[in-house]
Amino acid sequence: MKRRTFLSAVGSGLVTAAGTALPKPALAAGSTEPIKLGLLFSQSGTMANNESLLKDTALMTIDQVNAKGGVLGRQVQGVVVDPASDWPMYAQLSKQLIQRDKCAALFGCWTSVSRKSVLPVVEANDSLLFYPLHFEGEEQSKNVVYLNSPPSSSVLPAIDYLMGDQGGNAKRFYMIGSDYVWPRTINKMLKGYFKTKNIPDSALRERYVPFGQSNFQTIVREIKDFAAQPGGQAIVVMTVVGDSIPAMFKEAVNQGIRATDIPILGLDVVDSDLEGLDTKPLVGHLSCWCYFQNVDTPQNTQFKSDWKNYVTAHGLKHRPDMVIDPMVSTNLGINLWAQAVTKAKSTGTDAVRKALAGQSMVDPAGYTVKMDPSSQYLWRGDMIGSINAKQGFDILWKSKDIVKPVPYSPFIGKA
Amino acid sequence: MMTGRWLFLTVLCWLLTGMSTSAWAATNHSALLAAFCATDGNKATALEQFVEAGVSDETQDQAWARLIVDAIRNSALVCNSSGLVTIQGTPPLDAATLKTAANSNPGDSPYVPSIVMMRKLMVASAEIDLFSGQRDTRADAARQVDKSFALLDPAIITKAIKRERDPDIASVLTLAMAKRGLGSNNRADRLAAIKAVAEVPSETARTALANFVAQDSVRSDPEVLAAVQSAIAKIDTSLSFGRAFSILFSGLSYAGVLLLTALGLSIVFGLMGVINLAHGEFIMIGAYSTYLVERFMQAHMPGLFDAYIFVAIPVAFVISAVCGMLLEFFVIRFLYRRPLETLLATWAVSIALIKLVQVLFGSQNVEFVTPGFLNGGMQVSPGFFVTYNRVFAIVLALLIFLATFAVVRLTKLGLLMRATTQLRDMARCLGVAAERVDRLAFGLGAGLAGLAGVVLTQIASVNPSMGTGFVVDSFMVVVLGGAGSLLGTVVSSLALGEINQFIEPFYGAVAAKVAVLLLIVLIIQKRPQGLFALKTRV
């Protein structure tokens, strides 16, 4: 008897629990529970260094949103998980964030391969992933919001600059990359682009090194050799990643290459890669992003001081005076999401997606960025930075206005 | 009366000229700066004006122009919206008078030179330096001018050649002029220029000639064409010798790194038979010890800073050796003759060590200031450039090998080590304290790995997981060389290094790696005991 009442009590409890749980998404606007955002950034493994910066930026931005009263009268809460730089783990944890934690949207991933692993999960669950990195393009999903530039609006303007009078009329190109999808796609696109510019194949050279390669003697020697051939000014387009970046720079410096002889355009070089280097002999080598921390705008001053305060207040191990583009992109992503939710008065994926189209705000780089309604790529400004002696970038050139993102490059498949 | 008036006039004149020169200088400086800062102005023309001031006979102007050009190169020159031009720094300077100026507005950012401008600036400062009083400065400047001969200002170089007393510097400048003289329309000039350029083969000489031969006017002139083609052929021959030497050298330097990282393992795995997967972490510990030494020396003995790398050698050796002995005492001695368990245990230790260092130092690359004498390199012959850090690695690898060889072959510890590994039970019967010998040998192996870490700070990036990449290579070398043979380790690292670097220029780094690994598989199939097998009775 006793046992039966207990069981039925538990049973009815379960039913009521299920009953209240089911209509919850519909209640969203009236509820006072926090809205959850999934933060899918590695805090261990090879990507920990970079991705933990983004995790903390996201948490800082969420704090800021909450300080302004949250969204729809509710607080926002970041749910942090650690995919440990293990690509399948990203998929597993994203599923957990959407299904178990009922996150309204996900922010995360650095490498393209991790994004590709999350993609089927967000598509199957019809959720949204905000992706903060510049990447190889050639992808467009209604469940991914692309916060950074595809190559057509970041790499090609930089190449154009180097081929122009100001950049020294580059005529010959040495492409060196780590051996994986991003460098190979970029170089494929570049080769197609060079073809339209009537640059002969003999003026191009394409080389790949294994992941984590640190011995660049042969490569640098070949670069010197290549530059000495006739046919005009040579430049290096460098898509090596991770530890290979400082290794390559070190070897180039030791073999006497300066930016005035052979400029290196390092597409994945951010300020944090220059940390362990003496950058005096590297002055003048280039990189291109949508944001460099030396840009002089009130928004940027604000962003940098916010980050500094956040790092010191929370005792984080990051450098308080270093901000990189993907951090800004993460910050933009959360703010745009908050704007869209406010406009839609709902956190439902469909409503947010509709409201997101055309959302705009002023970013720290000083541009009024805008969400493209059809491609869900963000229109952003473009900048070329030149390495300075203080382990950072000076801004050499910036686009007058935001640039239209082109997800699918017309130059791929031409070469 | 007359003399008095004369005297008065002379004084007046002297006063006037004196005043007017300094006043003229200051206004002239501001005018030059204003021309540079004008938003619609041509920066290149303005720069030429600076150079003109820099090569004038006024030493004051010369110093000023050098300073301004340097400031522009370092992107420290700020054109303020108020019209004032300042040089960033603490305190900021007024660029015209070089006196302390007020801080510039936060909105005014310095001028960032483009690549084209940076080239011009480089030549500009070299041209100004040609008139410096220091011989070395002039020699450096002359080399720089020669390297970027296409941009030089012939009038200034001619002037510099006339004033130059040092025949070496003058000849470098003449050569630069000759490279530029290829552009002349006079056939005799052209032939003379070709001859002069061919005299000193170098990559820039080849570029100059190759660009020259591509011109239509050259192709139509058979005499010039023949001359330039034979000149190019001559340069190519000497360059290809240089290239062959470079391949040999980079093979040697790769072999040096392999030898360094494998030497410790050849003792631990080769002699003792312990499969130590934490070997790479001892390398990492050596590198971080170097880092601590570097930091310490920077803070407390800045005068001797460059010597930190030598101080780090014993420190890293001792720290790694102690860690190795601790590992042996707490883990490995219970697992002798159980290879599978050793493998798992040392793997766990390896991961634990990586995480520990990550917690202590963070996971980013740590910053090393390269000692001055390891920066840069030397042009040994045309096309053959040697970097000092690689030479350092090769020499140190050789010295460490010789020392290890001596320890194993000539000392009592070495004798006991060999005895214990060859016939353990007999050695114990004869009174050898086998456990102690094991511990010391393991410590020696770990210490050697630490030494590799010291050298690698100058070549590779240093982070907690740096060791994992080297473990595989080290095992490769030791297995191929034959377990237990130090000589085999040398030969196999040399062979692997040279083969790898010989393939890389032709088929790329990935293919080189594949080829080397396949080769090892083949050799191990034919000779499972490795190239140099040690005869043992177990």
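What residue among B:329, B:313, B:358 has its Cα farthest toward the positive end of the dipole of chain B, where the charges are +1 on Lys, Arg and -1 on Asp, Glu, each on the Cβ?
B:329
Under a Cβ-only charge scheme (Lys and Arg +1, Asp and Glu -1), can you give me the dipole magnitude of region B:242-526 about the Cα centre, in debye to the nearest 20?
Result for region B:242-526 is approximately 620 debye, rounded to the nearest 20.
Determine how many Å³ per residue the convex hull of the Cα atoms of chain B encloses.
245 Å³
For the residue pair residue B:225 and residue B:132, what label-to-label distance in nm results when each label sits 7 Å from Cα along the Cα-to-beta-carbon direction?
4.5 nm
Taking a ≥ b ≥ c as the square roots of the Cα gyration tensor eigenvalues, with a/c under 1.5 meaning rounded and otherwise prolate when a/b beats b/c, else oblate, which class fits region A:193-328? Mind showing how you got there, number by number?
Numbers: a/c = 2.54, a/b = 1.89, b/c = 1.34.
It comes out prolate by the Cα gyration axes.
Please report the net charge: other residues with Cβ closer than 14 Å to the Cβ of residue B:260, K and R +1, D and E -1.
Taking every other residue near residue B:260 into account, the sum is 0.
Compute the signed sum of charges (Lys and Arg +1, Asp and Glu -1) over the other residues within less than 11 Å, Cβ to Cβ, of residue A:161. All intermediate terms of the calculation are to be shown ahead of the outcome.
On the way: positive: A:398; negative: A:160, A:165, A:382.
Local charge sum for residue A:161: -2.
Excluding same-chain residues fewer than 8 positions from residue B:99, which lysines have a Cα within less than 30 Å of its Cα?
Residue B:99 reaches A:280, A:390, B:43, B:120.
Starting from the amide H of residue A:108, placed 1.01 Å from N in the peptide plane, find each other amide H under 5 Å away whose residue is 5 or more places distant or on another chain.
Sorted by chain and number, the residues that satisfy this are A:40, A:130.
Could you give the size of the charge dipole of chain A about its Cα centre, using +1 on the Cβ of each K and R and -1 on the Cβ of each D and E, expressed in debye and rounded to the nearest 20?
The dipole magnitude comes to about 1220 debye.
For chain A, what is the calculated [θ] at 222 nm in deg cm²/dmol (nearest 500), taking -39500 (n - 2.57) for each run of four or more DSSP H residues and dividing by its residue count?
-12500 deg cm²/dmol
Shape of region B:242-526 from its Cα gyration tensor (a ≥ b ≥ c, root eigenvalues): rounded if a/c is under 1.5, otherwise prolate when a/b > b/c, or oblate? The partial results should precede the final answer.
Numbers: a/c = 1.67, a/b = 1.24, b/c = 1.35.
Oblate is the answer for region B:242-526, as a/c is 1.5 or above yet b/c matches or exceeds a/b.
Send over the Kirkwood Rh of region B:71-190, from the inverse of the averaged 1/r over different Cα pairs, rounded to one decimal Å.
16.3 Å
Taking chain B as the reference, fit the longest principal axis to its C-alpha atoms, fit the long axis of helix B:203-213 to the helix C-alpha atoms, and give the angle between the two in degrees, 0 to 90, nearest 10.
That works out to roughly 60 degrees.
How large is the direction-averaged shadow of the alpha-carbon convex hull of region A:103-252, in nm²?
Values: hull surface 40.1 nm².
Average projection, Cα convex hull of region A:103-252: 10.0 nm².
Mind sorting A:134, A:285, A:318 by how few other Cβ atoms lie within 10 Å of their own Cβ, fewest first? Don't skip to the end; give the middle numbers.
Working: A:134 25, A:285 28, A:318 20.
Least crowded to most crowded, the residues run A:318, A:134, A:285.
Quick check: the angle from helix B:412-422's long axis to the longest principal axis of chain B, C-alpha only, nearest 10 degrees?
Once rounded, one gets 60 degrees.
Charges on Cβ only, +1 for Lys and Arg, -1 for Asp and Glu, centred on the Cα centroid of the protein assembly as shown; of B:121, B:349, A:61, which one is farthest towards the dipole's positive end?
So the residue we want is B:349.
Counting other Cβ atoms within 10 Å, which trypsin sites (Lys or Arg not before Pro) in region A:228-330 have at most 16 and lie in a DSSP loop? The partial results should precede the final answer.
On the way: sites: A:250, A:258, A:304, A:308, A:317; in loops: A:258, A:317.
Sparse-neighbourhood loop trypsin sites (Lys or Arg not before Pro): A:317.
Exactly which trypsin sites (Lys or Arg not before Pro) in region A:355-415 are in a DSSP loop and have at most 11 other Cβ atoms within 10 Å?
Sites meeting the loop and neighbour criteria: A:400.
In nm, give the distance between the simple-model label positions of residue B:108 and residue B:299, each being 7 Å from the Cα along the Cα-to-Cβ direction.
Result for the modelled spin labels: 4.0 nm.
Below 8 Å, C-alpha to C-alpha, sequence gap of six or more: please give me the relative contact order for region B:242-526 in percent.
40 percent
Reported to two decimal places, what Rg/Rh ratio describes region A:124-183 when computed on Cα atoms with Rh from the Kirkwood expression?
Ratio of gyration radius to Kirkwood radius for region A:124-183: 1.12.
Over chain A, what relative contact order in percent results from Cα pairs under 8 Å that are six or more residues apart?
Value for chain A: 17 percent.
Set the Förster radius R0 to 30 Å, insert the Cβ-Cβ distance between residue B:526 and residue B:406 as r into 1/(1 + (r/R0)^6), and round the FRET efficiency to 0.05.
That gives a FRET efficiency of 0.40.
Given the convex hull over the Cα atoms of chain A, what projected area results after averaging over all orientations, in nm²?
22.4 nm²
Could you tell me the distance between the Cα centroids of region B:240-287 and region B:315-381, to the nearest Å?
Using only Cα atoms, the two centres lie 14 Å from each other.
Please name which of B:394, B:275, B:256 has its Cα lying farthest along the dipole of region B:242-526 towards the positive end, using unit charges on Cβ (Lys, Arg +1; Asp, Glu -1) and the Cα centre as origin.
So the residue we want is B:275.
Pop the C-beta distance of residue B:240 and residue A:195 into the FRET formula with R0 = 35 Å and round what comes out to the nearest 0.05.
0.65
With a 10 Å Cβ neighbour count serving as the proxy for reagent exposure, in which order, fewest first, do A:110, B:347 appear?
Going from least to most buried by this count: B:347, A:110.
If R₀ is 51 angstrom, what is the calculated FRET efficiency for the pair residue B:352 and residue B:45, using the beta carbon separation as r and rounding to 0.05?
Working: r = 64 Å, r/R0 = 1.26.
The formula returns an efficiency of 0.20 here.
Quote the Stokes-Einstein diffusion coefficient, in whole µm² s⁻¹, for the protein assembly as shown, based on the Kirkwood radius over alpha carbon pairs, a temperature of 37 °C and a viscosity of 0.692 mPa s.
Details: Rh = 31.9 Å.
Translational D for this selection: 103 µm²/s.
Only Lys, Arg, Asp and Glu count, each charged at its Cβ (+1, +1, -1, -1), so figure out the dipole size of the protein assembly as shown about its Cα centre, rounded to 20 debye.
Details: 85 positive and 74 negative charges, 510 e Å.
Result for the protein assembly as shown is approximately 2440 debye, rounded to the nearest 20.
Where does helix B:308-330 land angle-wise versus the long Cα axis of chain B, in degrees 0 to 90, nearest 10?
Taking the Cα atoms of chain B, the angle to B:308-330 is about 20 degrees.
Would you calculate the separation in nanometres between label points at residue A:299 and residue B:70, each defined as 7 Å from the Cα along the Cα-to-beta-carbon direction?
Inter-label distance under the simple model: 3.9 nm.
Report the Cα-based extents of region B:130-220 along its three principal axes, largest first, to the nearest Å.
Here the spans come out as 46, 24, 21 Å, largest first.
When the helix-only estimate is applied to chain B (DSSP H runs of n ≥ 4, each -39,500 (n - 2.57), divided by the residue count), what is the mean residue ellipticity at 222 nm, nearest 500 deg cm²/dmol? Present the calculation step by step, with values, prior to reporting the outcome.
Details: 21 runs with 375 residues, N = 538.
Estimated from H runs of four or more residues: -23500 deg cm²/dmol.
Report relative contact order for chain B in percent, whole number only (criteria: Cα-Cα under 8 Å, sequence separation at least 6).
Taking the mean separation of contacting Cα pairs over the length of chain B, I get 15 percent.
Could you tell me which of the pairs A:68/A:343; A:95/A:317; A:36/A:68 are separated by over 19 angstrom between their Cα atoms in the structure shown?
Correct reply: A:95/A:317.
Throughout, read-outs are computed from the coordinates displayed, never taken from laboratory work. Please read these numbers as outputs of a predicted model, since none were measured by experiment. Here the Cβ is made from the backbone with ideal geometry for all residues, glycine too, and neighbour counts use every protein chain on show.
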